[in-house]
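Colleague: Below is a structure I'd like to ask you about.
The values are calculated or read from the model by the stated rules, or taken from the named source; none is laboratory data. Computed from a prediction, not measured in an experiment: that's the story for all the values here. Cβ placement follows ideal geometry from the backbone for every residue including glycine, while neighbour counts extend to all protein chains displayed. We work out accessible area using only protein heavy atoms, side chains counted, and drop any ligands, DNA or RNA first. Shrake-Rupley method; radii C 1.70, N 1.55, O 1.52, S 1.80 Å.
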Amino acid sequence: RRREPTAPAVRHDSTAALWVPALSAALFAAALLLCHRRRRPRICVIAPGSGQATRAMLGAGGLRVHLAAGPEYDINGRRMPPDWVSMREVQLHESDARAAGVDLLVAGRGRASCLNLATLAGRLFDAPSGALVSCEVPSRVPRPQPAASFSCLVCGSRGGQVTLPALWLLGCRVPAVVINGGCARQQASWAWPSGVPVVLLTGGRDYFNEHRDALGYDGDERYLAELCAAISGNLGESRVVSRVISGNTRYLAELWAAIEPRCRPTAAILHVPAAGHGFSEELLRRLLPPLVLWAASGLSPQRRPDFQGRERGQQRAGGGGWAASAA
């Protein structure tokens, strides 16, 4: 009788049996890690003047740090465009700057390169698409990302003076933390967008503070607290400023006065009297992450930082305004 063909015997391999669930678990863990990584807030650091900030936030962890840079736009002596103090009539694109003769010496206007800190903004941000060009650290390959996908911008020094206001003029509306508070000046107050959360991180010994050498007296701490309360409650600051007070209090008052009332509900200041222009990486590691998350939350009262220890100082809140003087 003809025998029916039979399938070859399959040897049971206990190792293979264990491999399948182990592989599934590894894939699940990798997917979970990827999802967690994608949920971390994405922060875009505008490079001019923010080198320490990038290292500080990477060291703190918990954030996806992107870097928007253009070294050729930051050449000493030619980086500041004409009329940058007021930001009026400043060309925001290289082609427009060249057509306007920005690279020519004009009496009373100085000289700048067509590649300057304002046209850097035109390179980084594309207004029609709303894309912001950056590279995720440690990658060095820049690519456009929707600006709305970033939780916060971080800039400092000249980046806060010129590049951030230029981004605002182009239509970028991402919350920002501004080290050194360079955007807070009366001449450029018109460029501030309403409703965009902006947190200034300033230092009393910063050379941006023209009052840094002014001496105070025993009662100055009380008047500084009074000023914080005035800022937070949108009260009349003039009664505080009129006193003979130290450079820190004058500077804080000057910064707040440079912010138009329409923008004050979404503005805040953290002032560190002992800090100079270059904040240490250690200090930024403690200050920046909570400030960034607070700005990203729209200055939510629930996310407002309450710094302890060395950073603890006078803190007052009322409405949307907030000010702190950190020791």
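Colleague: Of the listed peptides 186-196, 62-72, 268-278, 137-147, what is their order by residue-averaged count of other C-beta atoms within 10 Å, with the highest listed first?
Modeller: Those peptides, ordered most packed to least, come out 268-278, 62-72, 186-196, 137-147.
Colleague: Report the calculated FRET efficiency for GLU210 and ARG143 (r = Cβ-Cβ distance, R0 = 51 Å), to the nearest 0.05.
Modeller: 0.80
Colleague: In addition: Which of the peptides 247-255, 96-104, 283-291 is most tightly packed, and how do the rest follow, judged by the mean count of other Cβ atoms within 10 Å per residue?
Modeller: Top to bottom by mean Cβ count within 10 Å: 247-255, 283-291, 96-104.
Colleague: Follow-up question, since we're still on this one. Residues of region 107-202: accessible area per residue at 1.4 Å, in Å²?
Modeller: That works out to 34 Å² per residue.
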